[in-house]
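I have placed the structure first, in the form of structure tokens, so that the comments after it can refer back to it.
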Amino acid sequence: MNAQNVDALSAYFLAEVSETKETHTLSVIVDNEPGVLARVIGLFSARGYNIDSLSVSETEHEKHISRITIVTTGTPQIIEQIRHQLDRLVPVHRVRDLTVAAHKLNQDKPLERELALIKVAGQGDKRLEALRLSEAFKAVVIDATVDHFVFEITGRTSKIEQFIEIMRPLGLVEVSRTGVAALNRGAEGL
């Protein structure tokens, strides 16, 4: 039997396979103990998956529970595979695809925010333009000298990226970003 006939008889080819890549936000509740983050990241790197954004913090001090928020991109099948593999890790309590949960609530995306510190150096007109634009983006000046500003900006990732691109020709020096923090709308928790 040739390979073409085997493919036609295989049940694996009956399912519709999507090659369209999507960006999803995953929320992972884990025990706050040494090595957990390394295991989660190791799962991604071992399989060649990329992490677009990562943020981690303890959310329940008494129970020593942390929330890892991961933004990743892949086909729907890959995202589902990532979710199932995360769910099987021992220190993981829950995994939720916030993007899928938002779609079920007829929303485009979960509530996502990021914080960035952006250093811009410049003098004269460029300095004034950077300050004017920071007001339009609701960025706060948290440090300033005669030759630079450090802005603090919070918002959606797209807003932060737009602000960074606008600051680039005005003397962008350095950027530090926290990664995405995300929750779904509504009264229910994870």
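The values are calculated or read from the model by the stated rules, or taken from the named source; none is laboratory data. What you are looking at is a predicted structure, and each value in this text was computed from that prediction instead of being measured. Because the Cβ atoms are built from the backbone with ideal geometry, glycine has one as well, and the counts that use them run over all protein chains shown.
Which of the residues spanning the stretch 80-107 are of a type in the set (S, T, N, Q), surrounded by 14 or more Cβ atoms within 10 Å (Cβ to Cβ) and not in a helix (DSSP H, G or I)? Outline the logic, then answer.
The initial filter retains those residues of the stretch 80-107 that are of a type in the set (S, T, N, Q), namely 81, 85, 99, 106-107.
Add one more test, that the residue is surrounded by 14 or more Cβ atoms within 10 Å (Cβ to Cβ), and what stays is 81, 85, 99, 107.
Passing the criteria: only Q107.
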Taking the stretch 141-167 and keeping only residues that are surrounded by fewer than 18 Cβ atoms within 10 Å (Cβ to Cβ) and in contact with a Ser or Thr (Cβ under 8 Å, 6 or more places away or on another chain), one is left with V141
Just give me the residues in the stretch 80-111 being touching a helix residue (DSSP H, G or I) at 6+ places or on another chain (Cβ under 9 Å), within 23 Å of A187 (Cα to Cα) and free of Cβ contacts under 8 Å to residues at least 12 places away in the same chain, in sequence order. D108
In the stretch 150-183, anything part of a helix (DSSP H, G or I), closer than 30 Å to L105 by Cβ and in contact (Cβ under 8 Å) with a residue 40 or more places away in the chain is listed as T157, I160, F163
Could you run through the stretch 62-79 and say how many residues are part of a loop (DSSP other than H, G, I, E, B) and touching a residue at least 12 places away in the same chain (Cβ under 8 Å)? 2
Looking at (1) more than 19 Å from T178 (Cβ to Cβ); (2) touching a Ser or Thr at 6+ places or on another chain (Cβ under 9 Å); (3) β-branched (V, I, T), which one does V92 not meet, given that it meets all the others? (2)
I need every pair where a residue in the stretch 20-42 that is under 20 Å from S158 (Cα atoms) and assigned by TED's automatic domain parsing to the domain that holds V90 has its Cβ under 9 Å from the Cβ of a residue that is of a type in the set (S, T, Y) and loosely packed, with under 14 Cβ neighbours inside 10 Å, sequence separation at least 6 or different chains. none
